[in-house]
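Contents: one structure, followed by commentary.
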Amino acid sequence: MVPSAARLRPLALATMIVTGAVMPQLSLAQTEAVSASASASPQLQRFEIPAGPLEAVLNRLGRDAGVLISFESRIAQGIASRGVSGKLSIEGALAQALEGTGLGAVRSAGDGYALRVLPVSVSGGGATPSLPDVTVTADAMRSPRTDGTGRYTAGPSTMSAGFSLSQRDTPQSVTVVTRQQMDDQGSTSVADVMSQSAGITVQNYDSDRWSFSARGFSITNFQYDGVSKDYDGVYDWGATNGDLTIYDRVEILKGATGLMSGTGDPSATVNFVRKRPTETFAGSLSGTVGSWNKGRGEIDVSGPLNQSGSVRGRFVGAYQDQESFQDRYRQKKSVAYGVIEADLTRDTLLTLGLDAQKTDPRGATWTGFPIFNSDGSRTDFSRSFNPATSWSRRETQTRNLFATLEQRLAGDWRFKLDVNHQKSRHRSLLGSASGGNPDPVTGEGMYLFSGDFRGDRTQNTVNASLNGSYMLGGRKHELMLGTMWSDTRTDGPWSESLYPMLSGSIFNWNGEFAQPAYPPIASYEDKRRQSGFYAATRLRPTDTLSVILGARVSRVVANDQRVYNDGITPALTSDMRETGVVTPYAGVVYDLNETYSVYGSYTSIFSPQSAKDVNRQFLPAVEGRSLELGVKGEYLDGRLNASLAAFQIQQDNVAEYVDFVDGASVYRAVKGVSSKGIEAELNGEIASGWNLQAGYAYNHVRDAKGERVFGATLMASQPEHVLRLSTSYRLPGAWQALTIGGGVSWQSAFYGKVWHPVAQDYAQIKQKGYALVGLMARYQINKSLSATLNVHNLFDQKYYSGLGLFETGFYGAPRNATLTMRYQF
């Protein structure tokens, strides 16, 4: 490992550059900004925005002027604007855009504006619009929502470098799945939305756990409102099986994101953005029925909690009970979420929230079914075959309490503080007839994977950031400073796993097996602590060029301990300590014209691992670099976005599975792993009422010997080609109450490593390429009531959705359908 002092030199240099060039200008810029707002005449800017739908004109105006214009989408619906042309102040440009619309703009806070309907006062027989009395709130600091917009496009995000950037201004590939897209696709779980997202592949561990990958590597970075959470791919803790009803959108940033997330593979970071209260009262009730006795209900109520609207609240809840295409499997799931926003002052916004989820399955599998018979021939189980016992289950409970304080300071500077407290619990009492290779005639020779696994996890996280603009060289630039601290503790009893032989034929398996007693043999306690300091600046040397430079210093400490009950066996201890690790980041965006930009980004990779070697010591951290180049386009006044990217990734110390020893998996580190490929994406509104998200990804992943790279836990490669397409179209004229749509998910072949009982070596099993087709139709019965039908896997493709976990396979779901009735008020 590189000595800490050497690692700190790049950051020290970067810090001297930033502080030496920027900080002397900072106080002066703030003083100038304050005095300018009091005495100077408004700054003029040239605008050339063509006439069009008001919402599109305002979105373009906000982007060009660099201000946030807040309004409910319904206010601007069906209204046209004459556009904006000339050298104008921001207020003048807004007045021109809103001329003749019956709407007005008022300052909401700082440099933000809010739209209001102008009432009509009658005097002397003439109608004269006048602005109503307005309570100014801190809503300009709030994240823009996607629910209620009816679109597949979203507002700016801070994922890549901490700055609020549009997709075009972000020097990495970005995919955003909006609330409307989730509703159109009938997506209710994390696995649902990931399986239909551009560039993402999804594979099953078993009935209740999934693995997500991008650019050939597993996704291990998950954030909630921008706050990272520890992810354990072994027990999962419900991360891949979470319910989506509480989220406004899902943001997926491709490539390494060490600047903001601290650690993680260069695959992607997934950020789940929670729903926020609305300024006016609104709500919905929905009920869903579907294949395999699926029943689901949702409630969503939001609005102001006091007369002025300075305090707003929202409650979201859902309950689901469903069976499966697998025999004897049944899952119950409940989720509740409450959030309150309060404008403490016009410059201070406080958010308090709590979400809780419980998942309770029965007949849950631990891995899948055997691939080979004892004579080396292939098995042929039906998709309904369930190797689990009737008592097998994987219960998870999660409760998350969070608070956010956002404070507007002098000029356009803002301070943000996030505090999160998460408690999770799992009880995995598992029995699955998945071990061994059956005799092809008698069906004998199988044994049970079984064990009782329990754990309690507590994670506390604190994030603080400061960002704003400064003047340098006569131009305006941006600066972001931040720090984070996270502490995670997991503990519980450790019981002996048992692998009893089965009597009789696996072909007659009905899940009946007496539940064994699992003697407790030890207790375990795992600790993870991470902290980091990060800084970045967004330089604007010209109107068409932006350069982001940043770095992060990380410290990661881990200690895992297993203490045996017999008082004789020595405790197993694993330690890891990484300090002073510098992760640099650089990104460049150049606007070729009003439509196209080219970009490039570079970052190093630093990802401590939980995987351990045969001596029960942590593998060295994954290290490497990631480079991305691309072009982005913005059409139809920002309603449609396109991107084309090429990437190259180099990594060392990638974990590779070796064996299963003493109830735990053993790995080794592989060097020289590389991934290169391209990604293309088009998303947004391509015509009035026609939404589209389409993406193609190609990745080529090989190790230093030029051989395929297989997953660490799920021993499978990733498909090299992935195509995702999702669309919906609201019919015009007399058929406007009907919206039709659908999607196609296609991927090329992938391979799994499975032990061959005759060859006594691993064999590579191929799942050939396949396409899954879905259809959607929604009918608006009246203003408040709608009915939506979704059909998945229309042509009933039979395919492996998982390969290689403990020598087993897992089938994807057959054709299925859901019908949802939604009442909005």
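The values are calculated or read from the model by the stated rules, or taken from the named source; none is laboratory data. Quick caveat, the model's predicted, so the values are computed rather than measured. Because the Cβ atoms are built from the backbone with ideal geometry, glycine has one as well, and the counts that use them run over all protein chains shown.
Values computed for the structure shown
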{"quantity": "Condition check for G684: surrounded by fewer than 19 Cβ atoms within 10 Å (Cβ to Cβ) and at positive phi", "calculated": "no"}
{"quantity": "Qualifying residue in region 773-786 (condition: in contact with a strand residue (DSSP E or B) (Cβ under 8 Å, 6 or more places away or on another chain), farther than 30 Å from I299 by Cβ and in a strand (DSSP E or B))", "calculated": "yes"}
{"quantity": "Residue list for region 643-669, restricted to those being small (G, A, S) and under 24 Å from A680 (Cβ atoms)", "calculated": "S643, A645, A646"}
{"quantity": "Single condition A646 does not satisfy, out of (1) assigned to a strand (DSSP E or B); (2) under 16 Å from A712 (Cβ atoms); (3) not basic (K, R)", "calculated": "(2)"}
{"quantity": "Members of region 752-789 that are in contact with a His (Cβ under 9 Å, 6 or more places away or on another chain) and aromatic (F, W, Y)", "calculated": "Y762"}
{"quantity": "Identity of the residue in region 515-551, under 28 Å from S261 (Cα atoms) and of a type in the set (A, V, I, L, M), that ends up surrounded by the fewest Cβ atoms within 10 Å (Cβ to Cβ)", "calculated": "L545"}
{"quantity": "Residues that are surrounded by 16 or more Cβ atoms within 10 Å (Cβ to Cβ), in a strand (DSSP E or B) and touching a residue at least 60 places away in the same chain (Cβ under 8 Å), drawn from region 286-314", "calculated": "S286, T288, G290, K294, R296"}
{"quantity": "Failed item in (1) at pLDDT below 95; (2) outside any strand (DSSP E or B); (3) aliphatic (A, V, I, L, M), with V441 passing the rest", "calculated": "(1)"}
{"quantity": "Among (1) assigned to a loop (DSSP other than H, G, I, E, B); (2) of a type outside the set (F, W, Y); (3) outside the structural domain of G711 (by TED's automatic domain parsing), the one test that T240 misses", "calculated": "(1)"}
{"quantity": "Selection count, region 348-378, where residues are outside any strand (DSSP E or B) and buried (at least 18 other Cβ atoms within 10 Å of the Cβ)", "calculated": "9"}
{"quantity": "Residue list for region 453-478, restricted to those being among the acidic types (D, E) and on the phi > 0 side of the Ramachandran plot", "calculated": "none"}
{"quantity": "Tally, over region 224-249, of residues that are of a type in the set (D, E) and within 22 Å of V316 (Cα to Cα)", "calculated": "3"}
{"quantity": "Unmet criterion (only one of (1) surrounded by 21 or more Cβ atoms within 10 Å (Cβ to Cβ); (2) free of Cβ contacts under 8 Å to residues at least 12 places away in the same chain) for T389", "calculated": "(2)"}
{"quantity": "Any pair with Cβ under 7 angstrom, 6 or more apart, that starts in region 409-428 at a residue that is more than 30 Å from A65 (Cβ to Cβ) and ends at one that is of a type in the set (D, E)", "calculated": "R425/D456; H426/E395; R427/E395"}
{"quantity": "All strands (runs of 3 or more DSSP E) inside region 661-750 with 3 or more residues being at pLDDT 90 or above, among the hydrophobic types (A, V, I, L, M, F, W, C) and over 19 Å from Q203 (Cα atoms)", "calculated": "673-687, 690-702"}
{"quantity": "Residues within region 552-595 that are closer than 20 Å to D526 by Cβ, crowded, with 17+ Cβ neighbours inside 10 Å and under 30 Å from the mean Cα position of the chain (by Cα), tallied", "calculated": "7"}
{"quantity": "Top-ranked residue of region 518-551 - restricted to ones that are acidic (D, E) and in a strand (DSSP E or B), ranked as nearest to the chain's Cα centre (by Cα)", "calculated": "D526"}
{"quantity": "Residues located in region 329-340, provided they are crowded, with 18+ Cβ neighbours inside 10 Å and over 23 Å from the mean Cα position of the chain (by Cα)", "calculated": "Y329, Q331"}
{"quantity": "Members of region 497-553 that are under 30 Å from H477 (Cα atoms) and among the β-branched types (V, I, T)", "calculated": "T537, T542, T544, V547, I548, V553"}
{"quantity": "Residues within region 315-326 that are in contact with a Phe, Trp or Tyr (Cβ under 8 Å, 6 or more places away or on another chain) and assigned to a strand (DSSP E or B), tallied", "calculated": "5"}
{"quantity": "Enumeration of residues in region 705-744 that are surrounded by fewer than 22 Cβ atoms within 10 Å (Cβ to Cβ), among the polar types (S, T, N, Q) and out of contact with any helix residue (DSSP H, G or I) (no Cβ under 9 Å at 6 or more places or on another chain)", "calculated": "T713, Q736"}
{"quantity": "Options V666, V598, V658: the member that is in contact with a strand residue (DSSP E or B) (Cβ under 6 Å, 6 or more places away or on another chain), surrounded by fewer than 18 Cβ atoms within 10 Å (Cβ to Cβ), of a type in the set (V, I, T) and under 30 Å from N691 (Cα atoms)", "calculated": "V598"}
{"quantity": "Residue count for region 263-285, restricted to those that are within 27 Å of P304 (Cβ to Cβ) and touching a residue at least 24 places away in the same chain (Cβ under 8 Å)", "calculated": "13"}
